[in-house]
1. What number goes with the only condition from (1) in contact with a strand residue (DSSP E or B) (Cβ under 7 Å, 6 or more places away or on another chain); (2) closer than 19 Å to Pro24 by Cβ that Ala60 does not pass?
2. Name the residue, out of Ala19, Ala15, that is out of contact with any Gly (no Cβ under 9 Å at 6 or more places or on another chain), at pLDDT below 90, part of a loop (DSSP other than H, G, I, E, B) and surrounded by fewer than 16 Cβ atoms within 10 Å (Cβ to Cβ).
3. Among the numbered criteria (1) more than 10 Å from the chain's Cα centre (by Cα); (2) polar (S, T, N, Q); (3) modelled with pLDDT of 95 or more, which one does Thr69 miss?
4. If you go through the range 59-95 one residue at a time, how many are in contact (Cβ under 8 Å) with a residue 24 or more places away in the chain, small (Gly, Ala, Ser) and either on the phi > 0 side of the Ramachandran plot or part of a strand (DSSP E or B) (or both)?
5. Pull up the range 63-81, narrow it to residues that are loosely packed, with under 14 Cβ neighbours inside 10 Å and not charged (D, E, K, R), then point me to the one that is farthest from Cys26 (Cα to Cα).
6. Given the criterion at pLDDT below 85 and hydrophobic (A, V, I, L, M, F, W, C), identify the matching residue among Leu44, Leu5.
Amino acid sequence: MRALLIAAALALLPAAAAAAAQEPVCARAELLRQALSGEYGEMLVATAAASGGTTVEWWAASKGARTWTMLVIGPDGRACVAAMGGLFTLAGRGA
């Protein structure tokens, strides 16, 4: 049930993004990962370590609308959707 609520919240994000004052979608990282994978067909394409034990993950779908999502995950395991969009294209590999 909780995963469905997260998925529903993620589905509403494009409309909510147009609003000037938007509350971020946050939940346990594992719940957001499950929603991105199961509901949107996205897979993890990159990760990066940030300051203070924070991790950034980029998720993307290679089919359909080619959606992408950036998660920021705190050291406590709580994640927030920092950005999202469509038409994802992998430009190349970094060093």
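The values are calculated or read from the model by the stated rules, or taken from the named source; none is laboratory data. Predicted, not measured: the structure shown is a model, and the values here were computed from it. Every residue, glycine as well, gets a Cβ built from its backbone with ideal geometry; the counts of neighbours run over all protein chains shown.
1. Here Ala60 meets the rest and fails (2).
2. Numbers: Ala15 fails: part of a loop (DSSP other than H, G, I, E, B).
Exactly one of Ala19, Ala15 is out of contact with any Gly (no Cβ under 9 Å at 6 or more places or on another chain), at pLDDT below 90, part of a loop (DSSP other than H, G, I, E, B) and surrounded by fewer than 16 Cβ atoms within 10 Å (Cβ to Cβ), namely Ala19.
3. It is condition (1) that Thr69 fails.
4. Total satisfying the criteria: 4.
5. Once the filter is applied, the top-ranked residue is Gly64.
6. Numbers: Leu44 fails: at pLDDT below 85.
Answer to the check: Leu5.
To keep it simple, each residue is scored yes or no on (1) among the hydrophobic types (A, V, I, L, M, F, W, C); (2) modelled with pLDDT of 95 or more.
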{"site": "Arg33", "(1), (2)": "no, yes"}
{"site": "Gly74", "(1), (2)": "no, yes"}
{"site": "Phe88", "(1), (2)": "yes, no"}
{"site": "Gly92", "(1), (2)": "no, no"}
